[in-house]
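**Q** For reference, the structure I am asking about is given below.
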Amino acid sequence: MKQYKLSNNYYELVSDDNCFSLDAIEDYFTDYFENFDYVFGDFSGDKVRLKGFYESNNKLVKKYNDIQFLNVYKNEYCNLGAKTFLLKKVQKK
C-alpha cells in the first residue's frame, strides 16, 4: 500500500472515494493532526475538511474522536454524497 508523508508522519490511504489528492490536503494538514491515529477528509465544494480520530484503545480517545464513531460523523456532519477519504498513521518519524 502506498504511503504518504504529511508533517512528521507516514499514512496509508485506507479508503477513498476517488478524491484523495496529496496536493489538496497539504495546505490544511497542520501539526494538530500529528497525534491522531486516523485523519478523515471530506470535500465540500472545492475545499477539504479534515478531522482526526483515534483507535478505540488509545488513551486520548473520546467518544467524538473514536474511529468507531466515523460512520456517525459521516452521516451527521458531512454533506450527503460528499467525497471522502481516510488516512491511517503507520509510522512516526
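**Q** When the Cα atoms of the chain are enclosed in a convex hull and the volume is divided per residue, what value in Å³ results?
**A** 98 Å³
**Q** Within a Cβ distance under 10 Å of residue 42, other residues only, what is the Lys/Arg minus Asp/Glu net charge?
**A** Neighbourhood net charge equals +4.
**Q** How much mean residue ellipticity at 222 nm does the chain get from its helices, if each DSSP H run of length 4 or more adds -39500 (n - 2.57) and you divide by all residues, to the nearest 500 deg cm²/dmol?
**A** It comes out at -3500 deg cm²/dmol, rounded to the nearest 500.
**Q** Continuing with the same structure: Which whole-number percent is the relative contact order of the chain (Cα, under 8 Å, 6+ apart)?
**A** Relative contact order comes out at 41 percent.
**Q** Calculate the spin-label point distance for residue 62 paired with residue 1, positioning each point 7 Å from the Cα along the beta-carbon direction, and give it in nanometres.
**A** Taking the simple label geometry, residue 1 and residue 62 are separated by 2.7 nm.
**Q** Taking the Cα centre of the chain as the origin, how large is its charge dipole in debye, to the nearest 20, when only Lys and Arg (+1) and Asp and Glu (-1) carry charge on their Cβ atoms?
**A** 300 debye
**Q** Subtract the Cα-Cα distance of residue 26 and residue 75 from 0.36 nm times their separation in residues, and report this length gain in nm to one decimal. Could you put the intermediate results ahead of the total?
**A** Values: separation 49, 0.36 × 49 = 17.64 nm, distance 2.52 nm.
The residue 26-residue 75 span can extend by a further 15.1 nm.
We did not get these values from a lab; they are worked out from the coordinates using the rules stated. Just so it is clear, the model here is predicted, and its values are computed rather than measured. All Cβ positions, glycine included, derive from the backbone under ideal geometry; neighbour counts span all protein chains shown.
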